[in-house]
Structures are given as C-alpha cells and as structure tokens.
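The values are calculated or read from the model by the stated rules, or taken from the named source; none is laboratory data. Values in this document were obtained by computation on a predicted structure and should not be read as measured data. Methodologically, a virtual Cβ is constructed for each residue, glycine included, from the backbone with ideal geometry; neighbour enumeration extends over all protein chains shown. Accessible surface areas use protein heavy atoms only, side chains included; no ligands, DNA or RNA. Shrake-Rupley method; radii C 1.70, N 1.55, O 1.52, S 1.80 Å.
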Amino acid sequence: MTPIVRPDVSQKPATVVDALRRLRGVTDVGHTYLDGAAKPSFFSFDALNEAAETRGRRLLGLGLKKGDRVGMVLSQPRDFVISFLGCLYAGLVPVPMYPPLSFGKLDAWADGALRILADAEASLLLTDGQLQSVLWQVVPKVKSLRDLLTVEKLDACPAIDGAMPSVVPDDLCFLQYTSGSTAAPKGVMVTHGNLMANAWAIATEGMELVPFAETAVSWLPLYHDMGLIGFVTTPLVCGMAAVFIPTLLFVKRPNIWMQVMSDYKAQHTFGPNFAYALAARKATEADLAKWDLSHGRVYGCGAEPIHLATMLRFEETFAKAGLKRGSIMPAYGMAEATLAMSFHTRGEQLFASALHDDGPAFVSCGKPFSEHDLAIMDDEGSLLGENVEGEIVHRGPSVTPGYWKHPEATAACFLPSGWLRTGDLGFKRDGNIYITGRSKDLIILNGRNHHPTTIEWAAAEVEGVRKGNVVAFSVPGDDSEELVVVAETRPDRPDNTADAIRAAVAEQLSLKVANVVLMAAGQLPKTSSGKLQRNKTRQQYLAGTLGKEGDRTLGSSGEKLTVAKHVAKSLWGRAAHTANKLVNRTPET
C-alpha cells in the first residue's frame, strides 16, 4: 500500500508557488469542484500542481514574459484556480475579473472590462468558450492585448521545457481591482510576500487550522479577494481541503451552502452578512432535521457591515442542525491590506458595544494579527486612544505597495509612516476593533452624525424588505438635509411597507425619513462583489434614474437584444484582431 505523503507545513512559505510545490505528492487531499448540478470532481494537491505547472508552461509558450499581466474572466471555479496558479508558476501576474452578472447590464460590464484591461496593460485575456462570444469586442480597443484565448484552446498549445522563472516574495503576485463601492476601481498590487503573510496569519492565528485534517466550503466569487485568498491560497499554506460551490448555484439554491457543509462534514466557511440572513430565512424544518453542522468550527463573516441580530438569528436557527455556539467569527479586512486585518477570537461568543450610551451597538471584529496593528486616526493624522471614533488605519506585512499606475491615490491612502488609511470609521475598546461605517457615507442630519448602516438595519427588519438590500442617504431639502431610504422588497410585501420603514427608523433612531423608495429585487446598484453602492444610488435618485438603469437579475426583457448586440460587436472585434495580426505578421525569409 502506497504511504500517504504528508509534507512539513509548519513554516510559512515564501511565495504561493512554494506553498503549492511543497504539496506535491499529496494525493488524498485537495480541491473538490461542484458543477452547476452540484456534481463533484476531485483534484488532489498533487494533480493541482501538475495542472497548474502545465498551464503555466503553455502560457510561457505563447511568448509571455515574467511580469506580464493576464486578464482572467472565467466562470468555472476549476478553470479559474488552475489558470490563476498557472500564471503564478510562470511568474505572470493574473488580473481576476468578474464575468457578467446579468445579460441586462452587458454594456456596463463590457466598459468595466475594457477599463481594467487597459489600466492593467494586460498582454493576454483568458476566458472560456461561452464568454468569448461577448469579450472579443474589447480586444482591438486595448493596445497591450496580444490575444484572447479560451482555456480549451490554451490547453491545446505547446508547453515550454526547462526551468520556470524564479519567483521571490517581493514579486508582484496579482492585481486585485477594488470593487468600486466608493470610487472607480483601482488595481491593488499584491506581492507574494503580502499574500503569504496574510494567508499564514489567517491559517495559524485567525482560524487555527489543523493541517491535512479539515475542510473548507466556499461559494464566494473567486475574482474577489475573500473567495480567492480565503479559500484558494490560505488552504495551500496548511494543506486544507476545499470544496467550491459555483456562485450562481448558491444564488439559485441558497440551501446548497449548508447542505454541502453537512455533506462534507466541513469545519470552515465564510460569507457576508446578507448570506447568513438568506441562509437562515431559506432553511426549512426538514432541512434542519437532516443536516449535521456539528463539525463546523468557523462560520466567518466579513466584507460588509455585520448585523448582530442577523448573526444571532443564524446561530439560533442552525443550532437545530448541530451548530455550536461560538462558531461565528466576525472579521475585518480590505484588498489594500491583502485581505484580513482582524479576526474575532475563535470559539468566543459574539459581542457588540455602543460608542455612546444612547447609540447603536456594533459587533466586535476582534484584534489584529501579530506583526500587524490597527489604530484610530483623526483628520489631522494623530492617533487617538480607545473609545474615540475616527478613521481606522492599519500597518503590517500584509499592507500592499499601493495601486497600479495610480501614484496620487497611493500617496493618499498609503502613508509614509507605514499606516494604511482604510476610509472606514470605527473605534477600539479593550484592543478590539469596531467598524461603524464608511467616512464618505456619513449622514449629517440636524448637526448630528449618523451611520447609514444603523438606519438600513432598522429598515431591513420590516416585513417584506429584502435584508442586505437597503440604502440610506441624505439629500438637500428646503431647509436642511433630508433622509431617504431605498429598499428592495419581496413580491409579497405588505401594502404599508413604506410607512412601516418610516415608523421603524423613527422608533429606533428618532429620525424622520423624508422619502421611502421601494424597488424590485435586483434594482439597487451593487459592485461586482455584491457591496451596496450608496453614492451611486444617491446619484441615480437625484438624477431621477433610480431603477431605470437595468437590474442585476437574469432574464430582463431586453436580454436577447442586448446579448445579440454584444455578440455582433465581438464578431467584429475578432475579425479586426485577426486582420491586424495578418497585417503585422513578420514575412518569412
């Protein structure tokens, strides 16, 4: 019988390539990819090594050089992971990009893809057979792009032999384009050293992972840092198995999340606040009776403001399926810090605290990792003590070098002192960090500051309102600023929903809502990673275009016409690219 290989993973690897290479020979632990029908396929770490290295050699066979950027628009998790790791093996810099989330917004999506590819100066665009039909249109418009390839075509290309380019900690690992919730997307430059510092801290301090003995489950998009770093690179540093649910499958069948956690006896998962609210609402008594969640150790929550009532409701609901108290782990992070900046202590009960006696309570997101620090800074750049609200700043080996080709934005956020300005407001108490909101989203009414999240939470508790889909902001009124609440609602909402929202906000926060706008599901502006875009919602409200700029859901009325238009553009783009290659081809001698 062949002995099971268990490499030494007790030390932090220098690069992602080092982390992957030391898992060669591990054939019984690795990745499980579910397809759209939830059918699994297993890839051991040994097989993942071989597939990633082969894909990297094929990429180099195209003439790409170390440091070249590769745009990636891949909808299937297996294609994405192998391509991402293949780029790293070859010393290339992947640029993860989100696929179209709805056919109704292809115009905006194509424009966004064009901006990212041009900004990154990508040499190659890698996609799949289905998406190429709408992506070819951008190729002639990006001067740096040599070609567009599907993974199927790439796998038929020759692979180079010989040594691969050396990769060191200071090398650029990938460009993580920010979601654009408060500004235009910018490419965060994540080095191998940044990534390993963060992944190692998550694995060893935050989640206390047991090498080769635990399983993580994720439905999170892999083009977003929480899905990519949390469930691709972090498991590599300790040999943890991972099960990947296609994001669209979770959207269609939210119960698949807890079903897979039960089926695989998984210990770890992560998601944003809205996903936990959705999971608790969708679970039936029959589901809870058949699921076994007793193996779970960490149900992490991050990426958006954490609502204590939502998390307690999730904990109470799934206790019926064996969920242990203390399993929920609030976390705080951002792309500019690679990913995580603080974790709630594993196994400790949730707790929240108010900054003022009469103010709202905010969930503790724990303490920073060792070798990292979190502090509160005022507008003049001075550090503040505990129990004082200000801008949260962060420093440590996970802080990235800055934004790709954006020196002014880098200088504004990455201070010479080493502190990273997060743009988030918060306070510290007993060493724990509490996030109160975004500084740019702050609402000022009658001379007092109000955080939109507290208003949105109050409105979200009203019957018929879709949790996680409420936006609050202020607009100029006749005498002073006025409060507006925009909420997506379910089809069966009560007729008095708007009045109920006004009453809930007045009762809980003593605030008058001047206007309530109710919208159908999918109409609120959100980023590619699912974050609410308050400023964009406010701009559309003031312009009178709110709810008139398409929606996020599939199947809108103009869908077929929109797709046809983009396919036609792509056919032209492919023809133009082919003609350009023929014109510029070097004559044979």
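Give the relative contact order (percent, whole number) for the range 152-270; include only Cα pairs under 8 Å separated by 6+ residues.
Numbers: 143 pairs, mean separation 25.3, N = 119.
Over the range 152-270, the number comes to 21 percent.
Which whole-number percentage describes the relative contact order of the chain, with Cα contacts under 8 Å and a sequence gap of 6 or more?
Numbers: 1220 pairs, mean separation 75.4, N = 589.
Relative contact order of the chain: 13 percent.
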So for R0 = 22 Å, FRET eff. of LEU248-ALA286 from the Cβ-Cβ r, to 0.05, ends up at 0.35
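What value does the chain have for Rg/Rh, both radii from Cα atoms and Rh as Kirkwood defines it?
0.96
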Size of electric dipole in the chain: Cβ of Lys, Arg +1 and of Asp, Glu -1, about Cα centre, debye, nearest 20
1720
If you restrict to DSSP beta bridges whose two residues both lie in the chain, what percentage is antiparallel, to the nearest 5?
60
Placing +1 on each Lys and Arg Cβ and -1 on each Asp and Glu Cβ in the chain, then taking the dipole about the Cα centre, the residue among PRO7, THR54, MET189 whose Cα reaches farthest towards the positive end is THR54
Degrees, to the nearest 10: 192-201 long Cα axis against longest axis of the chain:
50
Rounded to one decimal in nm, the spacing of the 7 Å Cα→Cβ label points at ALA514 and GLU482 is 0.5
Excluding residues fewer than 8 positions from LYS405 in its own chain, the aspartates and glutamates with Cα under 12 Å of it are ASP119, GLU121
Around HIS394, with a cut-off of 13 angstrom between Cβ atoms, what is the net charge of the other residues, counting Lys and Arg +1 and Asp and Glu -1?
-1
For the range 170-272, what % of the accessible area comes from carbon and sulfur atoms, probe 1.4 Å?
55
Folded to 0 to 90 degrees: helix 273-282 orientation relative to the chain principal axis, Cα:
80
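Ratio of the range 453-543's C-alpha Rg to 2.2 N^0.38 Å, to two decimals? Don't skip to the end; give the middle numbers.
On the way: Rg = 12.5 Å, N = 91, 2.2 N^0.38 = 12.2 Å.
Against the compact-globule rule of thumb, the ratio is 1.02.
Please give the calculated 222 nm ellipticity per residue for the chain, where each DSSP H segment of at least 4 residues contributes -39500 (n - 2.57) and the sum is spread over every residue; nearest 500 deg cm²/dmol? Display every interim value, and only then the final one.
Numbers: 19 runs with 184 residues, N = 589.
Value at 222 nm, helices only: -9000 deg cm²/dmol.
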For ASN535, net neighbour charge (Lys/Arg +1, Asp/Glu -1) across residues whose Cβ lies under 10 Å away
+4
If you build the convex hull over the alpha carbons only and average its shadow over all orientations, what do you get for the range 196-334? Give it in nm² to one decimal.
7.5
Which listed pairs, of LYS153/LYS252; LYS39/LYS290; LYS428/LYS531; LYS367/LYS531, have C-alpha distances above 27 Å, in listed order
LYS153/LYS252
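Could you calculate the FRET efficiency of ASP379 with ASP499 from 1/(1 + (r/R0)^6), where r is the beta carbon distance between them and R0 is 35 Å, rounded to 0.05?
Numbers: r = 39 Å, r/R0 = 1.11.
For R0 = 35 Å, the calculated efficiency reads 0.35.
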Using all Cα-Cα distances in the range 5-63, what percent lands in each 10 angstrom bin from 0 up to the longest?
21, 41, 30, 9
Residue by residue, what Karplus-based ³J(HN,Hα) values in Hz, rounded to whole numbers, does the range 149-155 have, using 6.51, -1.76 and 1.60 with θ = phi - 60° and x for Gly and Pro?
10, 7, 5, 5, 6, 4, 5
What is the diffusion coefficient of the range 153-256 in µm²/s, taking the Kirkwood radius over Cα pairs and the Stokes-Einstein relation at 37 °C with a viscosity of 0.692 mPa s?
204
Testing the spin-label approximation: label points 7 Å from Cα along Cα→Cβ at ALA506 and SER133. State their distance in nm.
5.3
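Which FRET efficiency, nearest 0.05, do ALA47 and LYS405 yield, Cβ-Cβ r, R0 30 Å?
Numbers: r = 37 Å, r/R0 = 1.23.
That pair, ALA47 with LYS405, gives E of 0.20.
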Roughly to the nearest percent, how much of the accessible area of the range 26-82 is carbon and sulfur, given a 1.4 Å probe?
47
Under the definition of Cα pairs under 8 Å and six or more residues apart, what whole-number percent is the relative contact order of the range 295-368?
31
I'd like the orientation of helix 308-318 relative to the chain: the angle between its Cα long axis and the longest Cα principal axis, in ° from 0 to 90, rounded to 10.
70
Computed ³J(HN,Hα) along the range 24-34: with the Karplus parameters 6.51/-1.76/1.60, θ = phi - 60°, integer Hz and x for glycine or proline, the list is 4, x, 7, 10, 10, 10, x, 9, 10, 10, 8
Under a straight-distance cross-link criterion of Cα-Cα below 18 Å, which lysines are reachable from LYS141, leaving out those fewer than 8 residues away in the same chain?
LYS565, LYS569, LYS581
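Leaving out ligands, DNA and RNA, and with a 1.4 Å probe, what % of the accessible surface on the range 308-379 is carbon or sulfur?
The value for the range 308-379 is 48 percent carbon and sulfur by accessible area.
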Which residues qualify? For GLY366, with a placed amide H closer than 5 Å and at least 5 residues away or on another chain, they are ILE433
Between the modelled labels at VAL210 and GLN539 (7 Å from Cα along Cα→Cβ) the distance in nm is 5.0
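Counting only heavy atoms of protein chains, what accessible area per residue, in Å², does the chain have with a probe of 1.4 Å? Provide the component values of the computation, followed by the final result.
Numbers: 24790 Å² over 589 residues.
Per-residue value: 42 Å².
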